[in-house]
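Student: Dumping the structure here so I can ask a few things about it.
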Amino acid sequence: MKTNLFQINNLNCKYNNGPTVLYINNLTIPKGELVFVLGASGIGKSTFIETLGLMNDTIYKSDDSAILLFPKDNLEGIELKNSWQKDDLEVSNFRNKYFSFIFQSTNLMPNFTAGENMCISQLIQGISLKEAKKQVLEVMKDLMLEEAIFDKKIMELSGGQRQRLAFVRAVTSDYEVLFGDEPTGNLDKYTAKKLMEIFRVNLKKYNRSGIIVSHDIELALNYADRIILLSSNEKEKYGEILPQNILVKQDEKWVQLSGKEVDNPLSQIELVLGLHLSILN
């Protein structure tokens, strides 16, 4: 039986106390899964991972709201909703301890070599340069990145190479949850699939979890353990997550949380997201 990674209840996500952008009534994310979050443009996909990953203060606190994280070293759970009452350094240290991130924008440091960029997360976590480089080179090989790239400057590399470097940096750090916002957006289909294959192996090997925002339905259907579809609450004008719009892969079939098999998951996804794939970002 799987244990919980996140348990979320009655969560309103807002920016600067503005209107609700995303509402989550009740959501459980188990440990050890690769979760894809799909939704139309502007519906709250990035807000979802910004909130759970403590990247932005989007949490509207109320007495009955909860965002519980259950890391390996605290099985009773850590309440995240009050995180932003702490100082920035404490929040940053918490993120560094439990989370890793990868974005469509690589956020690589131009004054560092490719190798320094890939090793830096491990070095911050106290891993020796020798061990960090060993892990980095192993993943580089899997992603068909030549070892010679390790000592090159960032400006000497192509956009696709930079994207793969950011991926190497993210998966070689010691994390419990990796959050990705369109991490394959600048990659060709073959490389995107290769990246996801390596990512799944990494998650299973270390009992880690991944939460990926994407517009790539094919990638989600092929590699996700769970797909969360964000739909629009037309009355209240915010994104939301409905139980019937959570799909779970069981024995190579997709089912709803109720256990009902989804005969055509692609059709359901397109229906929830608005039929036209062009509306996704």
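The values are calculated or read from the model by the stated rules, or taken from the named source; none is laboratory data. This one's a predicted model, so the numbers in the text were calculated from it and none came from an experiment. Backbone-built Cβ (ideal geometry, glycine too); neighbour counts: all protein chains shown.
Student: Scan LEU266, LEU271, LEU221 and give me the residue that is surrounded by 14 or more Cβ atoms within 10 Å (Cβ to Cβ) and of a type outside the set (Ser, Thr, Tyr).
Tutor: The match here is LEU221.
Student: Mind listing whichever residues of segment 4-25 are assigned to a strand (DSSP E or B) and within 19 Å of the chain's Cα centre (by Cα)?
Tutor: Within segment 4-25, ASN4, LEU5, PHE6, GLN7, ILE8, LEU11, CYS13, LEU22, TYR23, ILE24 meet the criteria.
Student: Could you figure out which of (1) assigned to a helix (DSSP H, G or I); (2) over 15 Å from the mean Cα position of the chain (by Cα); (3) over 26 Å from MET109 (Cα atoms) isn't true of GLY259?
Tutor: (1)
Student: Ok, one more. Return the only residue of LEU203, LEU178 being hydrophobic (A, V, I, L, M, F, W, C), crowded, with 24+ Cβ neighbours inside 10 Å and under 15 Å from the mean Cα position of the chain (by Cα).
Tutor: Answer to the check: LEU178.
Student: Here's a follow-up. Those residues that are charged (D, E, K, R) and over 10 Å from the mean Cα position of the chain (by Cα), I need them from segment 46-61; list them, please.
Tutor: Of everything in segment 46-61, those that are charged (D, E, K, R) and over 10 Å from the mean Cα position of the chain (by Cα) turn out to be ASP57, LYS61.
Student: I would also like to ask the following. I need the full set of residues from segment 54-79 which are without any contact (Cβ under 8 Å) to a residue 40 or more places away in the chain and within 15 Å of ASN10 (Cβ to Cβ), in order please.
Tutor: Hits for segment 54-79 are LYS61, ASP63, GLU79.
Student: Which pairs do you get when a residue that is under 19 Å from PHE94 (Cα atoms), found in segment 109-138, comes within reach of a residue that is in a loop (DSSP other than H, G, I, E, B) and at pLDDT below 95, reach meaning Cβ atoms under 6 angstrom, with the pair 6+ apart or on two chains?
Tutor: From segment 109-138, the pairs are SER121/SER173; GLN122/SER173; GLN125/ASP174.
Student: Right, next: Looking only at residues in segment 71-88 that are in a loop (DSSP other than H, G, I, E, B) and in contact with an Asp or Glu (Cβ under 8 Å, 6 or more places away or on another chain), which one is modelled with the lowest pLDDT?
Tutor: LYS72
Student: Within segment 146-169, is even one residue surrounded by fewer than 22 Cβ atoms within 10 Å (Cβ to Cβ), in a helix (DSSP H, G or I), among the aromatic types (Phe, Trp, Tyr) and in contact with a helix residue (DSSP H, G or I) (Cβ under 9 Å, 6 or more places away or on another chain)?
Tutor: Yes, there is a match, as at least one residue in segment 146-169 is surrounded by fewer than 22 Cβ atoms within 10 Å (Cβ to Cβ), in a helix (DSSP H, G or I), among the aromatic types (Phe, Trp, Tyr) and in contact with a helix residue (DSSP H, G or I) (Cβ under 9 Å, 6 or more places away or on another chain).
Student: Restricting to segment 39-57, and then to whatever is within 14 Å of GLY239 (Cα to Cα) and either surrounded by fewer than 17 Cβ atoms within 10 Å (Cβ to Cβ) or in contact with a helix residue (DSSP H, G or I) (Cβ under 6 Å, 6 or more places away or on another chain) (or both), can you tell me which residue is modelled with the highest pLDDT?
Tutor: It comes out as GLY39.
Student: Taking MET1 and the conditions (1) in a strand (DSSP E or B); (2) at pLDDT below 95; (3) more than 24 Å from GLU218 (Cα to Cα), which numbered condition does it fall short on, given that it satisfies the others?
Tutor: Of everything listed in (1) in a strand (DSSP E or B); (2) at pLDDT below 95; (3) more than 24 Å from GLU218 (Cα to Cα), MET1 misses just condition (1).
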